[in-house]
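Here is the structure we will look at.
The values are calculated or read from the model by the stated rules, or taken from the named source; none is laboratory data. A quick note: this is a predicted structure, and the numbers were derived from the prediction, not measured. Don't worry about glycine lacking a Cβ; one is built from the backbone with ideal geometry, like all the others, and counts go over all protein chains shown.
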Amino acid sequence: MGQPLAKWTDRGAARRHIRSFRLEIILQSAARCFNRKGYHATKMGDIARELGVSKAALYYYVESKEDIIFQCEAAALDLAMEGIRIAEGLSEPDDVKLYVALRHFIEGMTDRLNGCVVLTEGMLSPGPYRDLVRRRDDYERRLRKLVEAGVASGAFAPCDPKMVVLAMLGAMNWIPRWYSPDGERNPTEIGETFARYLVRGLGQGGFHEHGSAV
């Protein structure tokens, strides 16, 4: 089973910063609505109903639907880059580094964000859209470097790193279309399975997860 959505009135919030806690569950609920109904068809009232609060309560924490989608995407990109930095800091084979980067993002996206939304032109005004595209491009570039390093070291078979990364992003971006916190697989299992299959597809032989053959 997946992780249940946190509740607006969760008593655990009393032990955390209430604003950041509630903003987090707004983003979780909004992502679920966007992926279920589509960004343009989703209204602020839909998100409020998903949370079980009034629209007035929602507007206390966010300015608009555009503000929500921007913060959803920014949180997903922060998570993705966090995985890259962790992987780059490891003294492990290149296939393990790529596995760690992918698993960190997939697991966090499903667990902490309950899925993210694929950003398309027209969702945001030009300034915020360009900012997110710049950050997304930086993530793709860093991911390509991990693939390139694996090819150079012999961990991966010769390939076109750009096409490989686009295929990986396509697979990961589709997860929110079917992921449910109430599903059979939890975020850790999903992260492990997807990352393992994606990395194995590049390998010359057996993929070693932290030194152990998988």
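Here is how the numbers come out for the structure above:
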{"quantity": "Restricting the stretch 155-179 to residues that are part of a loop (DSSP other than H, G, I, E, B) and loosely packed, with under 14 Cβ neighbours inside 10 Å, the residue that is nearest to the chain's Cα centre (by Cα)", "calculated": "D160"}
{"quantity": "Criterion (part of a helix (DSSP H, G or I) and either farther than 25 Å from Q71 by Cβ or modelled with pLDDT of 95 or more (or both)) met by exactly one of E184, E192", "calculated": "E192"}
{"quantity": "Test result for E92, at pLDDT 90 or above, out of contact with any Asp or Glu (no Cβ under 9 Å at 6 or more places or on another chain) and in the same structural domain as P176 (by TED's automatic domain parsing)", "calculated": "yes"}
{"quantity": "All positions within the stretch 195-204 that are in a helix (DSSP H, G or I) and either among the aromatic types (F, W, Y) or surrounded by fewer than 16 Cβ atoms within 10 Å (Cβ to Cβ) (or both)", "calculated": "Y197, R200"}
{"quantity": "Within the stretch 27-128, helices (runs of 4 or more DSSP H) holding 3 or more residues that are without any contact (Cβ under 8 Å) to a residue 40 or more places away in the chain", "calculated": "44-51, 55-61, 65-88"}
{"quantity": "Residue tally, condition of a type outside the set (D, E, K, R) and either assigned by TED's automatic domain parsing to the domain that holds Y39 or at pLDDT below 90 (or both), over the stretch 195-212", "calculated": "9"}
{"quantity": "Where a residue in the stretch 139-153 is more than 15 Å from R200 (Cα to Cα) and its partner, wherever it lies, is among the β-branched types (V, I, T) and outside any helix (DSSP H, G or I), with Cβ under 8 Å and at least six apart", "calculated": "none"}
